[in-house]
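To start, the structure under review is shown below, and the notes come after it.
Read-outs: derived from the displayed coordinates by stated rules, not from any lab. Since the structure is predicted, the reported quantities are computational estimates derived from the model, not experimental observations. Cβ: placed from backbone, ideal geometry, glycine included. Neighbour counts: every protein chain shown.
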Amino acid sequence: MRVLVIDDDRKVASVIQTGLEQDGHAVDVLYEGDAAAPQVGSGNYDAVVLDLMLPGGSGFQILREIRAVKASLPVLILTGKDSVEDRITGLDAGADDFVRKPFAVAEVSARLRALMRRGASRDSVLRVADLEMDTTRRTVTRAGTPIALTPKEYALLEYLMRNSDRPLTRPLIIEHVWDLSFETISNVVEVHINALRKKIDRGFSLPLIHTIRGVGYVLTDTPQ
C-alpha cells in the first residue's frame, strides 16, 4: 500500500511513517496542507492519513480539496477533537474514518487495512492458481503450505497479486512498494523478487513470478 501522511508535527509524522514502513507500506509525508491536493493528483496513492490541525488551511477544507481530485481515495483523519459536530463535519467533507490523538500507530495501520478492505475492488483474499493471500490475517499459503514473508516481501507480493496478469515496470513497483525518496538505481526490486521466487515458486512445477525483458515483472499462472 502506498500512503500519503499529512501532518505538520514532524515528530508525529515520523512515528507514523516509521510504523507504516515497518508494516511494509510505502509512505510519503507532507507537513503543509496546501500541497496536499496537488500531491494526491500527481501520485498514485492507496490511502491518505490527514491531521485536521494544519497550517495552510483547515483539515476539513484540505479534505474537500482531496475529494475534488480523488473522490474514492480512502482518507483517515487524525484529530484531537472528538465532538459529534466535528465527526459530522468530517464525514460530510469526505472522511472515511477517524483516529483520536493520542493514538497507537498499530491502530492507524489496522484502520487503513480496514479501509482498503471496504472498497468493492479490494478483496480480502487474493488467489492466483494455488497461491493464496489473506489480507485480513496477513497470511500467505501455496497449495495449503504457509509461507513466511518479511513485511516488504508481503507488500511486494500483494501488489503483484492485486495486479496479476499485468506486467509491472520496476519504477511502478518502487512507487507502490517503496516511496518517492527511494534510490531508484538500487537493485532492491530484483533482490526482493528473487527472495519471493525462492519462497513462492521453488519446488512447484508452475512458476508464478516471471520476468518480462525490457518491461519488468508479472505474476500469472499463464505459462510465459
Considering only DSSP beta bridges with both partners in the chain, what is the antiparallel share in %, to the nearest 5?
50
Take every Cα pair under 8 Å in the chain that's 6+ residues apart, average their separations, divide by the length, and report that relative contact order as a whole percent.
18
Within the chain, how many lysine pairs that are 8 or more places apart, or on different chains, have C-alpha atoms less than 18 Å apart?
4
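Can you compute the FRET efficiency between Ser205 and Arg138 using 1/(1 + (r/R0)^6), with r the Cβ-Cβ distance and R0 = 25 Å? Round to the nearest 0.05. Display every interim value, and only then the final one.
Numbers: r = 27 Å, r/R0 = 1.09.
For R0 = 25 Å, the calculated efficiency reads 0.35.
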Obtain the nm distance between the two label points defined at Arg166 and Ala68 by a simple spin-label model: each point lies 7 Å from its Cα along the Cα-to-C-beta direction.
2.8
Given the options Ile212, Met116, Ile200, identify the residue whose Cα lies farthest towards the positive end of the charge dipole of the chain (+1 on Cβ of Lys, Arg; -1 on Cβ of Asp, Glu).
Ile200
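So, by mean Cβ neighbours within 10 angstrom, what's the order for 146-159, 30-43 with the highest one leading?
Details: 146-159: 18.6, 30-43: 16.7.
Ranked by mean Cβ neighbours within 10 Å, highest first: 146-159, 30-43.
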Summarise the long-distance tail of P(r) for segment 1-83 by giving the % of C-alpha pairs beyond 15 Å.
52
Report the charge-dipole magnitude of segment 1-90 in Debye, nearest 20, computed about the Cα centre from +1 at each Lys and Arg Cβ and -1 at each Asp and Glu Cβ.
200
Gyration tensor over alpha-carbon atoms, segment 125-219, equivalent ellipsoid semi-axes in Å
21, 15, 12
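Hey, fewest Cβ within 10 Å first, where do Thr89, Thr79 land in order? Before the final figure, lay out each step's value.
Working: Thr89 17, Thr79 20.
So the ranking, lowest neighbour count to highest, is Thr89, Thr79.
Stokes-Einstein D for the chain at 37 °C, 0.692 mPa s, Kirkwood Rh over Cα pairs, in µm²/s? Working shown, then result.
Working: Rh = 18.5 Å.
It diffuses with D of about 178 µm²/s by this estimate.
Grab the beta carbon distance between Lys198 and Ala110, set R0 = 30 Å, and tell me the FRET efficiency rounded to 0.05. All intermediate terms of the calculation are to be shown ahead of the outcome.
Numbers: r = 30 Å, r/R0 = 0.99.
Given R0 = 30 Å and the Cβ-Cβ separation, E is 0.50.
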Positive-pole candidate from Leu91, Ala13, Gly41, dipole of segment 2-118, charges at beta carbon
Leu91
